[in-house]
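Have a look at the structure below before the remarks.
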Amino acid sequence: MRMYDVISKKRNGEPLTEEEIRYMIKGYVKGDIPDYQMSAMLMAIYFKGMSDVETAILTDAVAHSGDMVDLSPIQGVKVDKHSTGGVGDKTTLVVAPIVAACGVKVAKMSGRGLGHTGGTVDKMESIPGMRTVLTEEEFFHVVNTTGLSVIGQSGNLAPADKKLYALRDVTATVDSIPLIAASIMSKKLAAGNDCILLDVKTGSGAFMKTLEDSITLAEKMVAIGEHAGKRTMALITNMDIPLGSLIGNSLEVIEAVETLHGRGPEDLRTVCLSLAAGMLYLAGKGSMDECRALAEGAIADGSALARLIAMVEAQGGESSVIRDTSLFARAAFEREVKAIENGYITHMNTEQCGIASSLLGAGRVTKESVIDYTAGIALKKKVGQKVEEGETIAVLYASKEELFSASEEELLKAVTISSQKPKAEPLLYASVTKEGVKRLTE
Ligand code: URA
């Protein structure tokens, strides 16, 4: 077989066979197929697409390019969660302890920030002493004793995806539905959980900007998960506005803890309860309504917060900062961003809000950047709220004063103010299971 022929077949819009897909993934990981040929293939897939069968085979080939984790040493049903990425998305830190408190194990491998989006591993590392790299035995032990563990992705999990993702990032081929579906689901299949809850974000801060594209992506990922024998559900959630009010690593841990105390912002609480209910539903804990009530109970009785504290301690973290979040280190400088006119905030470009936070040091500008865990943004006003000229809409936090001006400029560009009060947007748009799409809005 020659890669040249496989590329020209896809370029002409013909479906690839299983043999061809496995040949190209194996050859690419081994280094027999060079980046320039794989780049041409990715662009051909970008324009010609892939059938569901091709996407499922690609996912399986990428998953099997490295270790397939065996979670059988962990007792009981294990449920995974994946977010397609967003700004202010600290849901894992809220949802995983809730689900564990309700008796379902969460053995989760999370990622770092990517582009304008934040990553759970970076947020966890803002807790002093917190280890996100554990041996397999330690990982199993933490889950078996505390009910949950969140760690970074092991080095040999879907190595083909690592290589392909880096190439897609520089060849303008990230936002292809079959390539995103295969990338995410290969890692989920390799991670070895029994059930998978997907949080597919939609809107200006998401990779999928339209609801219809988000639903199509969700349908493909659910089909792949179910085909592999995993109970899989996707919730389509709003990422047209940052989730919650705090953006940045330790700031987001603080907001997650507030939410576990029952004091978090309403949008974050609503999305977290839905995600937790979805995970408990997949694990067979009852109907979605029953599972939501279980999740609410775990916040109300403090058991979810106790699980977070137990996990932090088991992974070497200083739980004193979780018990009293005022002990987190604070940024040396802060600056208020003021509204430049009167009116209602009608839109917040969420990608630009993420960039504004990165510019303060909360994200990576290059692969080598060192994250400032104390940096970030506290939004004082959000979409739908009235503001007056000169009123504070956000507070920026950074360790160097010179970082403020670029970030402030980006944030002001992100915010649209006009005279008309905007219509409230839903937080949850749809759920997608193997039975089909259920729209949650009219
Ligand atoms: N997240 C992933 O892991 N892969 C993608 O392709 C997009 C988002």
Can you confirm whether the range 182-198 contains a residue that is surrounded by 24 or more Cβ atoms within 10 Å (Cβ to Cβ) and among the hydroxyl-bearing types (Ser, Thr, Tyr)?
yes
Can you confirm whether the range 331-353 contains a residue that is basic (Lys, Arg) and touching a strand residue (DSSP E or B) at 6+ places or on another chain (Cβ under 8 Å)?
yes
Run GLY205 past the list (1) surrounded by 24 or more Cβ atoms within 10 Å (Cβ to Cβ); (2) modelled with pLDDT of 90 or more; (3) assigned to a loop (DSSP other than H, G, I, E, B) and report the number of the one that doesn't hold.
(2)
Determine whether the range 239-251 contains at least one residue that is free of Cβ contacts under 8 Å to residues at least 40 places away in the same chain and assigned to a helix (DSSP H, G or I).
no
Residue check, THR325 against (1) surrounded by fewer than 22 Cβ atoms within 10 Å (Cβ to Cβ); (2) farther than 24 Å from ARG263 by Cβ; (3) in contact (Cβ under 8 Å) with a residue 60 or more places away in the chain, all met but one. Which one?
(2)
Taking the range 125-151 as the region of interest, how many residues are in contact with a strand residue (DSSP E or B) (Cβ under 7 Å, 6 or more places away or on another chain) and either part of a loop (DSSP other than H, G, I, E, B) or of a type outside the set (Ser, Thr, Tyr) (or both)?
10
So if I check each of VAL99, VAL6, VAL87, which one is crowded, with 18+ Cβ neighbours inside 10 Å, within 27 Å of PHE207 (Cβ to Cβ) and in contact with a Cys (Cβ under 6 Å, 6 or more places away or on another chain)?
VAL87
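Rundown of residues vs (1) over 23 Å from TYR165 (Cβ atoms); (2) touching a helix residue (DSSP H, G or I) at 6+ places or on another chain (Cβ under 7 Å); (3) among the polar types (S, T, N, Q), yes/no style:
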| site | (1), (2), (3) |
| --- | --- |
| SER51 | no, no, yes |
| GLY66 | no, yes, no |
| GLY103 | yes, no, no |
| THR117 | no, yes, yes |
| SER126 | yes, yes, yes |
| THR132 | no, yes, yes |
Selection count where residues are among the β-branched types (Val, Ile, Thr) and either surrounded by fewer than 16 Cβ atoms within 10 Å (Cβ to Cβ) or under 15 Å from THR259 (Cβ atoms) (or both), scope the range 296-317
2
Being surrounded by fewer than 24 Cβ atoms within 10 Å (Cβ to Cβ), more than 15 Å from the chain's Cα centre (by Cα) and not in a helix (DSSP H, G or I) is the requirement here; does GLY286 meet it?
yes
Among strands (runs of 3 or more DSSP E) completely within the range 322-427, the ones holding 1 or more residues that are touching a His at 6+ places or on another chain (Cβ under 6 Å) and closer than 29 Å to LEU211 by Cα are 415-418
Could you list, in sequence order, the residues of the range 104-139 that are more than 16 Å from the ligand (Cβ to nearest atom) and farther than 20 Å from VAL321 by Cα?
VAL104, LYS105, VAL106, ALA107, VAL133, LEU134, THR135, GLU136, GLU137, GLU138, PHE139
Which ones in the range 170-184 are more than 9 Å from the ligand (Cβ to nearest atom) and within 17 Å of the chain's Cα centre (by Cα)?
ILE177
Would you say LYS201 is among the charged types (D, E, K, R), within 30 Å of LYS380 (Cβ to Cβ) and either touching a Lys or Arg at 6+ places or on another chain (Cβ under 9 Å) or in contact (Cβ under 8 Å) with a residue 60 or more places away in the chain (or both)?
yes
Does LYS162 fit the bill of being within 12 Å of the ligand (Cβ to nearest atom), buried (at least 22 other Cβ atoms within 10 Å of the Cβ) and of a type in the set (Lys, Arg)?
no
Can you confirm whether THR232 is assigned to a helix (DSSP H, G or I), polar (S, T, N, Q) and away from the ligand (no atom under 13 Å from the Cβ)?
no
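The values are calculated or read from the model by the stated rules, or taken from the named source; none is laboratory data. Computed from a predicted model, the values in this text were never measured in an experiment. Neighbour counts run over all protein chains shown; Cβ positions are idealised from the backbone, glycine included.
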